[in-house]
Amino acid sequence: MIETPPLVDQYCHGVLRTELGLGTFEAQLTSSGRPPAAGTTFFDTQTGFAVRRWCPPLLGLEPHCPPARYLARRRELGVMETGRRLLRGSGIATYLVDTGQPGDLTGPGELALAGDAEAHEIVRLEKLAEQIADTSGTAEAFLGNLAGALHAAAATAVAFTCGTGAGHGTALAFAPEPPGPGEVHGAAGRWLAARPKGGAVRDPVLLRHLLWSAVASGLPLQLHAGAGDPRERIDRTDPTLLTDFVRATAGLGTDLVLLHGYPYHRHAAHLAAAFPHVYADLGPALAHTGARAAEVLAELLELAPFGKLLFSSGGRHLPELHVVGAQVFREALDRVLGGWVGDGAWSRQDAERVAAMIAAGNARRVYRLA
Amino acid sequence: MIETPPLVDQYCHGVLRTELGLGTFEAQLTSSGRPPAAGTTFFDTQTGFAVRRWCPPLLGLEPHCPPARYLARRRELGVMETGRRLLRGSGIATYLVDTGQPGDLTGPGELALAGDAEAHEIVRLEKLAEQIADTSGTAEAFLGNLAGALHAAAATAVAFTCGTGAGHGTALAFAPEPPGPGEVHGAAGRWLAARPKGGAVRDPVLLRHLLWSAVASGLPLQLHAGAGDPRERIDRTDPTLLTDFVRATAGLGTDLVLLHGYPYHRHAAHLAAAFPHVYADLGPALAHTGARAAEVLAELLELAPFGKLLFSSGGRHLPELHVVGAQVFREALDRVLGGWVGDGAWSRQDAERVAAMIAAGNARRVYRLA
Amino acid sequence: MIETPPLVDQYCHGVLRTELGLGTFEAQLTSSGRPPAAGTTFFDTQTGFAVRRWCPPLLGLEPHCPPARYLARRRELGVMETGRRLLRGSGIATYLVDTGQPGDLTGPGELALAGDAEAHEIVRLEKLAEQIADTSGTAEAFLGNLAGALHAAAATAVAFTCGTGAGHGTALAFAPEPPGPGEVHGAAGRWLAARPKGGAVRDPVLLRHLLWSAVASGLPLQLHAGAGDPRERIDRTDPTLLTDFVRATAGLGTDLVLLHGYPYHRHAAHLAAAFPHVYADLGPALAHTGARAAEVLAELLELAPFGKLLFSSGGRHLPELHVVGAQVFREALDRVLGGWVGDGAWSRQDAERVAAMIAAGNARRVYRLA
């Protein structure tokens, strides 16, 4: 048994505050935003099976009990008490929370309280830009206010992230350098003029400006890659598309963290091996593959230096997903590293040291946590 | 031991009616259409080893006996009796047969009789178009006759397929929408004028017309992807190239089945997870990888919802390949799901339910079999 | 236990002649050419752990002893005696040595002597061209001298290689055919005119000329693919990009060997299956993935005919890397093939035959070794 310390979850979201029925709960098991095919259910997925394995015992039920039984118990306890029990059972000591997702979700403070843990904020760049745009009349005002808000965010947040997914991957693939001031000014003006209140940033020049502003802040910058958004064409999410941006940001003192990566996680590991400032995330790649997580973790451990891998749950909306992320990770780590110790390939001491690095130590160093 | 019900083989071809020598048998173990390198043999492949493992016992020989010994026994029994013994030993209860491949192959009726099984036809779109073209003088006649033939086929067949492989993948990647009537008419005219009798459809506009006609029929449409044809540049067979076509056909009520997929099977699984109308095939990905099939199956089970995976043997020309497809699948399923039950990751009841879905239930639902 | 005969290492480099400190040794564990990230070390990689597993016992230390202890012992023995002990402990009987890498490295003769083994030269095409360019005044002289040097090299070397990595992959992807004489003459003239003494060949026309000249010699031609050079954008190293060149060289009687391949090793295996003249290398894909080598080997054994896979260590600069390449390979082969024998999937006799083919027999045939 390889021991892991309490986990630092380097990327997750808050949880829903509302009670959920069987159908609304099921819909959260995937991020496809589409219904299951006729005759099928999202409970019949690795995520569904992993929830049924790990969560019922934390609410006093047998593992693998039927979904309806689980949902009944969840309603019996109420959403608050369910969240408390699940988060406290996850073994996560520190949550880094992306607060930029839409929906009525708990913030870092509430998550910390419910989970008896610490929590810090990850600022989502587009969300910040959209909030500033809502109150800025001109391109000058917008860009000035944005610079101020980024500066203020950098003082309290632990990282920036960009949730646009592979969209920016493709943009950065074709134009990895920072856009010039005139270009940014023009793009800002056009966007503000055309934008309805609350409208999203999609302009590639503005996204590049946001990313380069984040790089200038010195805080770690988290970039989405891989099958996070099932509607995205998956080859446009290959972290390899970020290579030129990675090259352009080398040596500037800002770390890049490639979130997710699966099914291109070996490419993410390669980038983490090739560039000192690149790190790779384990999160949803493990949580979404459930019983297969050990194998996916092992694939990441092929090329990535062990000081470059970071645990996350990727948990979102349901505290069950934070639990699954953490349990699946711990079990996968034990199985993979424990197996290598058993074979004589690794020493036990090295295995426990590496487990502690991936579970918490690397994240504490990269995000400068106490 | 995870029990599986009798299998529904959702994609295979007929078998050759002629006796085979060592060399002609060996040539069927690959689809490369090229000779083995000097000093090597196609028996020294996963497919060759799997044939030697599973088939000799069905003909009264020891597993792994030398190829020459096996071929001698095959000739001793004769091609008919060999086919009977092999197909009846495969555990396949229902064959869905693509009848559009060239060569003197047994049809669904003969396969059913030899294998003591049911069989249904899968109509290959290009083959149908070529037959119509042989007897149609003008573009008008051709397109009218084609519409009639597609309508008639839809009444008796269980699915349509397009054997052009990644060619259409690339075509659909660049123009996923149905071509307009004028465009189709022009392409048909040019093709009929230039075509020698029996000439193949290669025109991208006509292929897209065929595919969209199939979509309009409501029958499931099977699309080839992955390393099926070794002469094809493999990156042009990535099912991801079909994403825009998948998007364009979402919500129309027609299911798409991505055949094969390997080595892009994780991409096929992603599409099956992201779109309600997309299914992924297990067939040749398992049959061609032999001793590795459990691992390849497990990779498919990472992202694909369990209601979205379909067994096939991909058997073609040799009844040995139907046997290998079925045996390798059953063993892989037992190893993967049985392993997860052993670890406590899945309940036994869930594992047996999922095994039955992938082995037969999903196909019965998608193809509306009794 | 699957027995393997003494190994033929079909691709490696010489070793450094200088004593190394902890930092200079660590830098050789990766080919990134960049320092490790702050707070990390390249010893914390699969390569680092594999060195610590396999090498200390050959120098009389415990496996997994701390790096500083190992380096102290290394200095105590001296670089010559360390090299002797390591190379003689590797189980490699024949080294094929790429002599075209820069640096003060031992040549084939010294490697043979130190390792009590045979050694043969692999000629690196660009290096040869650069040497000729240093002493040729005109394009005519250069091309004539180059032809002579290639002819002479073909009489003594066992293979040609091209170290430019994926650069030529991309060039060949877009223009797989041999360039015309006028085109080559023009490119040679421009290169000679612009080139400082010792300047590298980067011109795509000249690289294609070199590759096609090598093809004409009839010696096997080794092509780099995959993550060999961490600074290269990894998708530009996919061996699939070589497909058109592979097609253009089919049937000419010259074998192509795809070096490395990882993480595109399944693509390399596919090409080896589809084309009689294509072979796939196991080397760095196993050596760099250490405890994961069995799984990577197994992935190569999915599609590749067993007569088409070739062992190499990829060892370079440190004799430790030759040892790791060999030990990791032997253990992976034993685990994978032994596992299949244990499951009844393969017969023991077949497994030992295949092990001998991959370890030595295939290379002896392809490189026409005694």
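Computed from the coordinates by the stated procedures, all read-outs in this text should not be read as laboratory data. In this text the structure is predicted, and so the values were computed from the model without any measurement. Quick reminder, even Gly has a Cβ in these numbers, built from the backbone with ideal geometry, and neighbours come from all protein chains shown.
Is the shape of the stretch B:237-363 rounded, prolate or oblate, going by the alpha carbon gyration tensor and its root eigenvalues a ≥ b ≥ c, with a/c under 1.5 for rounded and a/b larger than b/c for prolate?
oblate
Output, in nm with one decimal and in ascending order, the distances from the residue C:80 label point to the matching label points of the other copies (7 Å from Cα along Cα-to-Cβ).
Ordered by increasing distance: 8.0, 8.0 nm.
Arrange the peptides C:291-298, A:113-120 so that the one whose residues have, on average, the most other Cβ atoms within 10 Å appears first.
The packing order, highest mean first, is C:291-298, A:113-120.
Considering only B:314, B:283, B:342, give the residue with the highest GNM mean-square fluctuation for chain B, with springs between Cα atoms whenever their separation is below 10 Å.
Residue with maximal mean-square fluctuation among B:314, B:283, B:342: B:342.
In what order do C:2, A:122, C:92 fall by count of nearby beta-carbon atoms within 10 Å, going from fewest to most?
Ranking C:2, A:122, C:92 by Cβ neighbours within 10 Å, fewest first, gives C:2, A:122, C:92.
How far is residue C:200 from the same spot in each other copy, in nm, shortest first, if each label point sits 7 Å from Cα toward Cβ?
4.2, 4.2
Could you give the length gained by full extension between residue B:113 and residue B:193, i.e. 0.36 nm per residue of separation minus their alpha carbon distance, to one decimal place?
24.6 nm
Using a label position 7 Å from Cα in the Cα→Cβ direction, what is the ascending list of nm distances from residue A:180 to the same site in the other copies?
Ordered by increasing distance: 4.1, 4.1 nm.
Using a 10 Å cut-off on Cβ to Cβ distances, tally the other chain neighbours for every residue of C:104-115 and report the average as a whole number.
Mean partner-chain Cβ count within 10 Å for C:104-115: 0.
Classify the stretch B:33-114 from the C-alpha gyration tensor, please: rounded if a/c falls under 1.5, else prolate or oblate depending on whether a/b exceeds b/c.
Oblate shape, in that a/c is at least 1.5 and b/c is the bigger or equal ratio.
If you take the square roots of the eigenvalues of the alpha-carbon gyration tensor of the protein assembly as shown and sort them as a ≥ b ≥ c, do you get rounded (a/c under 1.5), prolate (a/b over b/c) or oblate?
Rounded, since a/c falls under 1.5.
Quick check: the distance between the Cα centres of the stretch C:198-233 and the stretch C:102-157, to the nearest angstrom?
The two parts, judged by their Cα centres, are 14 Å apart.
Give me the inter-chain shielding for C:25-37: mean count of other chain Cβ atoms within 10 Å, whole number please.
Numbers: counts 0, 0, 0, 0, 1, 4, 2, 5, 1, 7, 1, 4, 13.
That average works out to 3.
I'd like the Karplus ³J(HN,Hα) series for the stretch B:343-353: coefficients 6.51, -1.76, 1.60, θ = phi - 60°, whole numbers in Hz, and an x wherever there's a Gly or Pro.
Rounded to whole hertz, the list is 7, x, 6, 10, 7, 4, 4, 5, 4, 6, 5.
Which of B:128, B:300, B:333 moves most in a GNM of chain B, Cα contacts under 10 Å?
Of the options given, B:128 has the highest mean-square fluctuation.
Using Cβ contacts closer than 10 Å as the measure, can you line up C:40, B:135 from fewest to most?
Starting with the residue having the fewest Cβ neighbours, the order is B:135, C:40.
Using the beta-carbon distance between residue A:216 and residue B:151 and R0 = 51 Å, what value does 1/(1 + (r/R0)^6) give for FRET efficiency, to the nearest 0.05?
Numbers: r = 63 Å, r/R0 = 1.24.
Taking R0 as 51 Å, the efficiency between residue A:216 and residue B:151 is 0.20.
Average partner chain C-beta neighbours within 10 Å, per residue of A:335-346?
Working: counts 1, 2, 1, 0, 1, 6, 1, 0, 5, 5, 14, 9.
Mean partner-chain Cβ count within 10 Å for A:335-346: 4.
For residue C:247 and residue A:202, what does the FRET efficiency come to when R0 = 41 Å and r is the distance between their Cβ atoms, rounded to the nearest 0.05?
Working: r = 41 Å, r/R0 = 1.01.
For R0 = 41 Å, the calculated efficiency reads 0.50.
From the backbone phi of the stretch C:116-130, what are the Karplus-calculated ³J(HN,Hα) couplings (6.51 cos²θ - 1.76 cosθ + 1.60, θ = phi - 60°) in whole Hz, Gly and Pro given as x?
Whole-Hz 3J(HN,Hα) from phi for the stretch C:116-130: 6, 9, 8, 8, 9, 9, 9, 8, 8, 4, 5, 4, 4, 4, 5.
Measure out, as a whole number of angstrom, how far apart the alpha-carbon centroids of the stretch A:313-351 and the stretch A:173-190 sit.
First find each Cα centre; the distance between them is then 42 Å.
Considering the rotation that carries chain B onto chain C, locate the chain B residue whose Cβ comes closest to its axis and report the distance in whole Å.
Whole-Å result, nearest residue of chain B to the axis: B:295, 5.
With r as the distance between the Cβ atoms of residue A:356 and residue B:343 and R0 = 25 Å, compute the FRET efficiency 1/(1 + (r/R0)^6) and round to 0.05.
Numbers: r = 24 Å, r/R0 = 0.96.
Between residue B:343 and residue A:356 the formula returns 0.55.
Which ordering of B:322, C:64 is given by a fewest-first count of other beta-carbon atoms within 10 Å?
Final ranking by Cβ density, sparse to dense: C:64, B:322.
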